[in-house]
1. Inspect all residues belonging to the stretch 224-234 and state whether any of them is at pLDDT below 90 and either in a loop (DSSP other than H, G, I, E, B) or among the β-branched types (V, I, T) (or both).
2. Quick check: anything in the stretch 275-285 part of a helix (DSSP H, G or I), open to solvent by 90 Å² or more (accessible area, probe 1.4 Å) and among the aliphatic types (A, V, I, L, M)?
3. Kindly evaluate H106 against the criterion of being touching a Gly at 6+ places or on another chain (Cβ under 6 Å) and buried (at least 16 other Cβ atoms within 10 Å of the Cβ).
4. Pull out all pairs, ordered by first then second residue, where Cβ-Cβ is under 8 Å, the residues are six or more apart or on different chains, the first lies in the stretch 234-262 and is open to solvent by 50 Å² or more (accessible area, probe 1.4 Å), and the second is part of a loop (DSSP other than H, G, I, E, B) and of a type in the set (D, E, K, R).
5. Which one of D152, D133 is among the acidic types (D, E), within 23 Å of G225 (Cβ to Cβ) and touching a Leu at 6+ places or on another chain (Cβ under 8 Å)?
6. Collect the residues in the stretch 169-187 that are touching a strand residue (DSSP E or B) at 6+ places or on another chain (Cβ under 6 Å) and open to solvent by less than 30 Å² (accessible area, probe 1.4 Å), keeping them in residue-number order.
7. Identify, please: which residue in the stretch 166-183 is assigned to a loop (DSSP other than H, G, I, E, B) and within 20 Å of L221 (Cβ to Cβ) and is, among those, nearest to the chain's Cα centre (by Cα)?
8. Does F203 qualify as being touching a Ser or Thr at 6+ places or on another chain (Cβ under 9 Å), in a strand (DSSP E or B) and open to solvent by 20 Å² or more (accessible area, probe 1.4 Å)?
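The values are calculated or read from the model by the stated rules, or taken from the named source; none is laboratory data. Computed from a predicted model, the values in this text were never measured in an experiment. All Cβ positions, even for glycine, are placed from backbone atoms using ideal geometry, and neighbour counts span all protein chains on display. Quick note on the areas: whole protein, heavy atoms, side chains included, nothing else; ligands and nucleic acids left out. Shrake-Rupley method; radii C 1.70, N 1.55, O 1.52, S 1.80 Å.
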Amino acid sequence: MASLLKSQTLNASKAAQKGKRKADDMDVDQPADIQPKRKKNKQRVLMLSSRGVTHRMRHLMNDLETLLPHIKKDAKLDSKNHLNLLPELADLNNCNNTLYFEARRHEDLYLWASKTPNGPSIKMHVQNVHTMDELKMTGNCLKGSRGLVSFDKAFDQTEWGKLTKELFTHIFGVPPTARKAKPFIDHILTFSLLDNKIWFRNFQIVEKDPLKPNGAPETSLVEIGPRFVLTPIRIFEGAFSGATVYSNPEFISPAAVRSAIRREQGSKYGQRKQSEQDAERRKELRRLEESELAVSKVFA
């Protein structure tokens, strides 16, 4: 009986050791560190325009569509007074950024850049537009390739510059998972801030001098196009609406500039007419009265 008890306790201790060893093995097999998920860049941009765009504005939009493969182009927006429809259009097209080109009087072009649906949004005046076909630069890049986005250090000196830089990074930075993007980086998009205006240029990255094909690699930049200048007008808190975060006090609308020029031309005409009237008045004052020995009175 004692031997039976001894054998049972021995077997129970062995089973307990086996179970403990199995639990220890399970603890060892568990991974020590879990790698965090890599955040994916899922930026898509909806680009559309209003009615009344000219051929130059349309060619600029085509150039931007060629440069940015993650752009989704939509039809023209009929009404300029219903900008609240744009976040809904962006949501329907599965886009979280919007570029809206607004044409006025067939000569003035305004660009709205916005994060949808919550904002912010920037309204800018587009000037000095030169398209790729017009410039005929020697630079060239692969269609659908991703481009580096470079910003001037002056963007970090102001609050509105930091906000603009962050928004342009989301819009012009092509994600690597874009459907039409190719895994090459051969051009660079530069944004320079000068005189409170944003200057846009597009350059090709050339690693070898074409005049020295067998020489050492020398990195250089060759402009491709397009080029344009953006003047910030207002920054809104929401998407195409909301409170004004920044307002440019130096901006004067082109319609006001043209009105001032016409007013100046009209003032020149008024001054000329006024001088003619003054000359006639002085001529009347210099005229002498008719005397008694005048011919008209003697031979009357």
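1. Yes, the stretch 224-234 has at least one match.
2. Yes - at least one qualifying residue is present in the stretch 275-285.
3. Answer is no for this residue.
4. Listed pairs, sorted by first residue: A243/E237; T244/E237; V245/E237.
5. The conditions single out D152.
6. Within the stretch 169-187, I171, F172, G173, V174, A181, H187 qualify.
7. G173
8. Judged against the criteria, F203 is a match.
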